[in-house]
Amino acid sequence: MVATDAALRRRQRLQPVGGQGDKIFPPTYPGDGRNAQPRHVFERRRRSEGEVWCVLVDSVQSQANRLEEALLGALRDGVAAIPHVVVDFRGKDLTGLTEITSLDAPHRVYDAILRDSTLGGQPFMDSDVGKRIKTGDPGALLEVSPTALLFGSWHSTGEGGGIGAKFARCLVSEIVAIDTPVDEVPNQRTGEIETRTAGRRTGSRIDPLGILRRVEVFKGEKGWDVDKAGAGAKAKEVRPSEINHGNIAPSVQPLGVTCDHVEHMVVISFAALRRLRFGTPEKDSAGRTLLTALGLLAVTEQDARGYALRSRCDLVCDGRAPLELVHADGSTDAVVIDRDGARKLYADALAAATRAGFVFADAPIRLEPQPKLVEIVRRSQELALQDKGGEAGEEE
């Protein structure tokens, strides 16, 4: 398949776990302007039944993270040996943090968390392993962190802006809600038509203590108090709701959607895999096959773990769609593989890659976080406990 065909794909139909027509909540993104409300991402998409409004339920980037999470689960369950790198924070006295791996770091093996850690006393990227992956050697990445090839990666802080180490995705996965009711609202300032969901989210809170908003409350360096001096330096008067007391008035926001159905689309591109070269024809074939098997493992593991994407966005399969093998001429054949079959296929592909000459470590590569990395995490946790952390880019 990898040598001659175009791709493996699947279009799996999903429904809200509450049944068709139940409201789901896609991710929200910032609106335009300083006081804009959060919004969903709406698109007009052309389908066999014509153009319909659709809304993004899980983006390509988010799906990649979820598929890696599924692989990490299989790894920790002991059912798949997946090469990866671990940054070990145990013993560093950091609350709730034990380890970060190349399977859950945002930028995979090129993430700053790994770059700011050491291997054998050297900065990771200056170690022998780091030097190999820094130059963009696909064979090194396959042996150290194959998900960087499957889901894409970029050494963006490397020499020349990372030009020498940039890999496009070979697996693309996306979840979209199909045929979603929308409101088309003219912008009062520009006159342009804005698209909003026809759904609404309500919110309110009744305080069982009956604390009223007119009660004077002060918040400062010592926390909050009804006395300004008791709140400490720089104390300011705030509303009780700002210290999580008092009622919150009922509100209505244009959020949440209903739809005809949800569709999960996944494609493993053999054409993309064939761009990866590992040194010999035998290694090319074995490496590409291993990555395909890894992609199938990720998809079947995600299927088995379910589609609980976020609060009030829990989906379930509406029947079971087969994989389709897409030939070079566009014709297709059904391919059937279950979770156990995907696990065996991956194990066989890993063994075949070893026979072809790839060297996989028996254990993950373990890194030690540099003291400055530990310290910046510790200071961030301390500020968070003092409610002083802020967010990146936030104006004081």
**Item:** Residue within region 320-332 that is under 20 Å from SER59 (Cα atoms) and among the β-branched types (Val, Ile, Thr) present
**Value:** no
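Here's the yes/no breakdown for (1) touching a Leu at 6+ places or on another chain (Cβ under 7 Å); (2) open to solvent by less than 30 Å² (accessible area, probe 1.4 Å):
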site	(1), (2)
LYS228	no, no
GLY232	no, yes
VAL252	no, no
GLY256	no, yes
CYS259	no, yes
ILE268	yes, yes
PRO281	no, no
ALA286	no, yes
ARG312	no, no
**Tally of residues being at pLDDT 95 or above and under 13 Å from VAL262 (Cβ atoms) across region 317-329** = 0
**Prompt:** With respect to ARG205, is the statement that it is of a type outside the set (Phe, Trp, Tyr), at pLDDT below 80 and out of contact with any helix residue (DSSP H, G or I) (no Cβ under 9 Å at 6 or more places or on another chain) true?
**Reply:** no
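So that you can scan it fast, the table gives a plain yes or no per residue for (1) over 23 Å from PHE151 (Cα atoms); (2) open to solvent by 40 Å² or more (accessible area, probe 1.4 Å); (3) aliphatic (A, V, I, L, M):
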| residue | (1), (2), (3) |
| --- | --- |
| PRO26 | no, no, no |
| GLY31 | yes, no, no |
| ARG39 | yes, yes, no |
| SER48 | yes, yes, no |
| GLN61 | no, yes, no |
| ASP77 | no, yes, no |
| VAL86 | no, no, yes |
**Message:** Looking only at residues that are without any contact (Cβ under 8 Å) to a residue 24 or more places away in the chain and of a type in the set (D, E, K, R) in region 1-42, which one is nearest to HIS261 (Cα to Cα)?
**Reply:** ASP32
**Elements of type strands (runs of 3 or more DSSP E) in region 109-226, at least 1 residues being open to solvent by 10 Å² or more (accessible area, probe 1.4 Å), free of Cβ contacts under 8 Å to residues at least 24 places away in the same chain and in contact with an Asp or Glu (Cβ under 9 Å, 6 or more places away or on another chain)** = 182-186, 193-197, 217-220, 223-225
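Every residue, every condition in (1) open to solvent by 30 Å² or more (accessible area, probe 1.4 Å); (2) touching a residue at least 40 places away in the same chain (Cβ under 8 Å); (3) among the charged types (D, E, K, R), yes or no:
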{"site": "LEU315", "(1), (2), (3)": "no, yes, no"}
{"site": "SER331", "(1), (2), (3)": "yes, no, no"}
{"site": "ARG339", "(1), (2), (3)": "yes, no, yes"}
{"site": "ASP348", "(1), (2), (3)": "yes, yes, yes"}
{"site": "ARG355", "(1), (2), (3)": "yes, yes, yes"}
**Prompt:** Name the strands (runs of 3 or more DSSP E) wholly within region 323-380 that hold at least 3 residues that are aromatic (Phe, Trp, Tyr)?
**Reply:** none
**Request:** List the number of the failed condition for LEU8; all other conditions in (1) open to solvent by 10 Å² or more (accessible area, probe 1.4 Å); (2) touching a Gly at 6+ places or on another chain (Cβ under 9 Å); (3) closer than 24 Å to PHE151 by Cβ hold.
**Result:** (1)
**Prompt:** So which residues in region 84-108 are in contact (Cβ under 8 Å) with a residue 60 or more places away in the chain and out of contact with any strand residue (DSSP E or B) (no Cβ under 8 Å at 6 or more places or on another chain)?
**Reply:** ASP93, LEU94, THR95, LEU97
**Message:** Taking the conditions exactly as written (farther than 22 Å from LEU75 by Cβ, in contact (Cβ under 8 Å) with a residue 12 or more places away in the chain and open to solvent by less than 60 Å² (accessible area, probe 1.4 Å)), does GLN370 satisfy them or not?
**Reply:** yes
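The values are calculated or read from the model by the stated rules, or taken from the named source; none is laboratory data. Please read these numbers as outputs of a predicted model, since none were measured by experiment. Every residue, glycine among them, receives a Cβ derived from its backbone with ideal geometry; neighbour counts consider all protein chains shown. These area figures cover heavy atoms from the full protein model, side chains too; ligands, DNA and RNA do not enter into them. Shrake-Rupley method; radii C 1.70, N 1.55, O 1.52, S 1.80 Å.
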